[in-house]
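One structure below.
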Amino acid sequence: MSSSRLIGVGVGPGDPELVTVKGVNALRAADVVVVPVMDTGERGRAEATVLHYVPEEKVVRVVFALNERTDRGRREAAWDAAGERVARLLGEHGTVAFATIGDPNVYSTFTYLAQTIAETVPGTVVETVPGITAMQDLAARSGAVLTEGTEPLTLVPVTAGAQALKDALAGPGTVVAYKFGRQAEEVAEALRETGRIDDAVWGSALGLPEESVRPAADLDGAPLPYLSTLIAPARRDGGRGGKL
């Protein structure tokens, strides 16, 4: 049985100032900090953010097939290999932090890693430190209000298909779409069909030099960065407190 700790630390969407104090403390207290990288090797947002707070020699780059969307076997093989690498690190060190963009419990690679470690290194204590999500950051940068009163909030990964987004847009409350960059044309069509495009906003590379935050009405069908985020606010009558 292991006495090690694996901590998933949410480091936000890209702006290093949006890492929480608890997140920074967890990164600095860990013996090593693992960051996921694509099999192409370039530095990702999580790694770039972490390096604002811990020295490079403390960071361990572990390859995940983050750019693999179709070959499940290849993707799972990469997860297994990453799990084995982190398991070795847990055997060598007391505490391993895993940095993930956004929040470790919201569409995060950390989920797969934690499942693997629970099976391969029994007794490892698994914890998470919450992080700022892209929808929160986009709401702040664009002025979009996510929820009021009793409004529901629906989060849809467009990788599940454009129909899932259309169904959500046809319902009440605010709809947030993640990972829609490669299906920007279908997203724009869904917004127009449901009459939700006028107040909607999209953003990408939030907090980075190449940041873009624009009205959804500007969507022209051209592909956007994969990690683009969309907010379609709830239909509101403009009255204060009307939803309470």
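See the values below:
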{"read-out": "Which numbered condition residue 172 misses (of (1) open to solvent by 60 Å² or more (accessible area, probe 1.4 Å); (2) in contact with a Gly (Cβ under 9 Å, 6 or more places away or on another chain); (3) of a type outside the set (Asp, Glu))", "value": "(2)"}
{"read-out": "Some residue of region 60-68 being out of contact with any helix residue (DSSP H, G or I) (no Cβ under 9 Å at 6 or more places or on another chain), open to solvent by 70 Å² or more (accessible area, probe 1.4 Å) and either not in a helix (DSSP H, G or I) or not basic (Lys, Arg) (or both)", "value": "no"}
{"read-out": "Filter pass, residue 24 being part of a strand (DSSP E or B) and either open to solvent by 80 Å² or more (accessible area, probe 1.4 Å) or at pLDDT 95 or above (or both)", "value": "no"}
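Results for (1) loosely packed, with under 15 Cβ neighbours inside 10 Å; (2) assigned to a loop (DSSP other than H, G, I, E, B); (3) out of contact with any His (no Cβ under 7 Å at 6 or more places or on another chain); (4) not polar (S, T, N, Q), shown as yes or no for each residue.
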{"position": "132", "(1), (2), (3), (4)": "no, yes, yes, yes"}
{"position": "141", "(1), (2), (3), (4)": "no, no, yes, yes"}
{"position": "144", "(1), (2), (3), (4)": "no, yes, yes, yes"}
{"position": "149", "(1), (2), (3), (4)": "yes, yes, yes, yes"}
{"position": "156", "(1), (2), (3), (4)": "no, no, yes, yes"}
{"position": "190", "(1), (2), (3), (4)": "no, no, yes, yes"}
{"position": "202", "(1), (2), (3), (4)": "no, no, yes, yes"}
{"position": "221", "(1), (2), (3), (4)": "yes, yes, yes, yes"}
{"position": "235", "(1), (2), (3), (4)": "yes, yes, yes, yes"}
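The values are calculated or read from the model by the stated rules, or taken from the named source; none is laboratory data. Just so we're clear, the structure is a prediction, and the values are computed from it rather than from any experiment. Backbone-built Cβ (ideal geometry, glycine too); neighbour counts: all protein chains shown. Ligands, DNA and RNA are stripped out before the accessible areas are found, and what is left, the full protein with its side chains, is counted by its heavy atoms. Shrake-Rupley method; radii C 1.70, N 1.55, O 1.52, S 1.80 Å.
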